[in-house]
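Undergrad: Please see the structure below; I have some questions.
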């Protein structure tokens, strides 16, 4: 079977994915897919990624965050790339890959931490687009340490569904 390509000839994967990013049969195409060329305003991307993480769909959250990283201004790229790596780490954890989970949770947290020290982050009160940087860093550091010590078997499912946004962003007017 030939590889899926867009009209410009660029390789694309038209296969739908389950909540953890595993390919589904082609007959299920269009179900729950994130478009390859997703373009959302940063606040909308943060809200959608948060909803997907809380729903246990970190692979799909990664796709949203990756699209934001690729289209972000240079001073925000560490934030979006780091959050995308956190989502990949959570995908690894959901799939049972402890080593991959720890590696990507730490790598993502370090990239987000680098953004935390920027003037842009400080100007946003450490919560760009409602993303609670301090909370996501604490969750990543704690989860990576627990996985390293005891593996994935005793990690509650809720701990693999961290919130990106502050409670006011998710529970307030217009929140989820």
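Undergrad: Inspect all residues belonging to region 119-127 and state whether any of them is in the same structural domain as residue 54 (by TED's automatic domain parsing), at positive phi, surrounded by fewer than 24 Cβ atoms within 10 Å (Cβ to Cβ) and over 13 Å from the mean Cα position of the chain (by Cα).
TA: In the first step, residues of region 119-127 are kept if they are in the same structural domain as residue 54 (by TED's automatic domain parsing); the result is 119-127.
If we keep only those that are at positive phi as well, we get 125-126.
Remaining after also requiring surrounded by fewer than 24 Cβ atoms within 10 Å (Cβ to Cβ): 125-126.
Adding the requirement that they be over 13 Å from the mean Cα position of the chain (by Cα) leaves 125-126.
Yes, because at least one residue in region 119-127 is in the same structural domain as residue 54 (by TED's automatic domain parsing), at positive phi, surrounded by fewer than 24 Cβ atoms within 10 Å (Cβ to Cβ) and over 13 Å from the mean Cα position of the chain (by Cα).
Undergrad: A further question follows. Name the residues in region 94-119 that are farther than 22 Å from residue 45 by Cβ and in contact (Cβ under 8 Å) with a residue 40 or more places away in the chain, would you?
TA: Answer for region 94-119, where residues must be farther than 22 Å from residue 45 by Cβ and in contact (Cβ under 8 Å) with a residue 40 or more places away in the chain: 95, 96, 98, 101, 102.
Undergrad: Can you tell me which condition residue 114 does not meet? The list is (1) at pLDDT below 90; (2) surrounded by fewer than 19 Cβ atoms within 10 Å (Cβ to Cβ), and all the others hold.
TA: Condition not satisfied by residue 114: (1).
The values are calculated or read from the model by the stated rules, or taken from the named source; none is laboratory data. All values reported here derive from a predicted model rather than from experimental measurement. So basically every Cβ, Gly included, is an ideal-geometry build from the backbone, and we count neighbours across all protein chains shown.
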